[in-house]
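All remarks here apply to the structure that follows.
The values are calculated or read from the model by the stated rules, or taken from the named source; none is laboratory data. In this text the structure is predicted, and so the values were computed from the model without any measurement. In this analysis, Cβ positions are derived from the backbone assuming ideal geometry, glycine residues included, and neighbour counts consider all displayed protein chains. Accessible surface areas use protein heavy atoms only, side chains included; no ligands, DNA or RNA. Shrake-Rupley method; radii C 1.70, N 1.55, O 1.52, S 1.80 Å.
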Amino acid sequence: MPTPRDLARRNGTLVAGLVLVGLWIATALAAPWIAPHPPDRIDLLAVLQPPSAGHWFGTDQLGRDVLSRVLHGGATVLAIAPAATLLGLALGTAVGLAAACAGRRADEAVMRVLDAVMAFPVVVLAMLVLAFLGAGTGNVILIVALVFAPLVARTVRAAALAEVRKEYVQAARLRGEGIFYVMTMEILPNVRGPLAVEGTVRLGYAVFTSATLGFLGLGVQPPSPDWGLMVSENQGLLTTAPWTILFPALAIALVVAGLGLAADGIKEILDP
């Protein structure tokens, strides 16, 4: 079995992705101690100051320190993206396995329902859900999970269909094992590879989707230092104070890029 050092030598893409994401996770966890200012402290005497020794990333239209808000905004990403991804993976895996094992007619019916859900744009689905439930972190997690679940289900279904006809599954059925046992104990362990890649990819999309909802005002609400919300609040300052948008947008891009590199690295390991 290859050691972590061997994997690092063979797969620089995975290492680069993990290092990039790990740095953001570390800064987000350490934000209460390393941020130079409270993220919501307003200083009307320091409005829209450019990057300087006192404010490395400058200040926004309320005099809040952009660096401190970017650091604390990482915690919001850590709260939303992994939870939404895990929930989406759980829902999608359950549906995908059930569709693959339920027979042709049931499979077709499930796929048509998933196609209908996937036809809704993310923003429209978010507006529908938030109209009933209201804005909040928990509802953003639910929305992102509902958006990802059909995509995960299709991936799991495709992988599971390749396993359903294999001898070990047929042997389990001949032993009298129930459908739930076959799905969870026989098929699921053999689709972990595609599921791992899908989960890493969806995690990157979860970061971007939650930021998009924040930008549109459908996600985390002010005065939270959410990266997407920071870009939205300062979009009118793009020409006069670009640092208020540049740094949160760069944070989003780096996290998504790191997760994309990690997903590519995992795929290379599972399917060299």
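Summary of computed values
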quantity	calculated
Label of the coordinate-derived value, Rg/Rh (Cα atoms, Kirkwood Rh), listed as [x] 0.96; [y] 1.03; [z] 1.07	[z]
Euclidean distance between Cα centres, region 17-41 to region 145-175, Å	39
Stretch gain in nm, segment Glu167-Leu45, where the contour uses 0.36 nm per residue and the Cα spacing is subtracted	36.6 nm
Those trypsin sites (Lys or Arg not before Pro) in region 127-199 that DSSP places in a loop and that have at most 12 other beta carbons within 10 Å	Arg165, Lys166, Arg175
Computed over region 47-132, Kirkwood Rh from alpha-carbon pairs, angstrom	16.9
Peptides ranked, highest mean first, by Cβ atoms within 10 Å: ranges 38-49, 93-104	93-104, 38-49
Most to least packed among 211-221, 143-153, 105-115 [average Cβ atoms within 10 Å]	143-153, 211-221, 105-115
Under-5 Å amide H pairs with Thr59, H placed in peptide plane, nonlocal only	Leu48, Gln49, Val66
Portion, in percent, of the accessible area of the chain that falls on carbon or sulfur, probe 1.4 Å	68
DSSP H segments from the chain that extend 30 Å or more along their own axis, Cα-based, with Kyte-Doolittle mean of 1.0 or above	12-34, 66-101, 137-164, 243-270
Percent RCO, i.e. relative contact order, over the chain, from Cα pairs under 8 Å lying at least 6 residues apart	27
Residues of the chain: accessible area per residue with a 1.4 Å probe, Å²	51
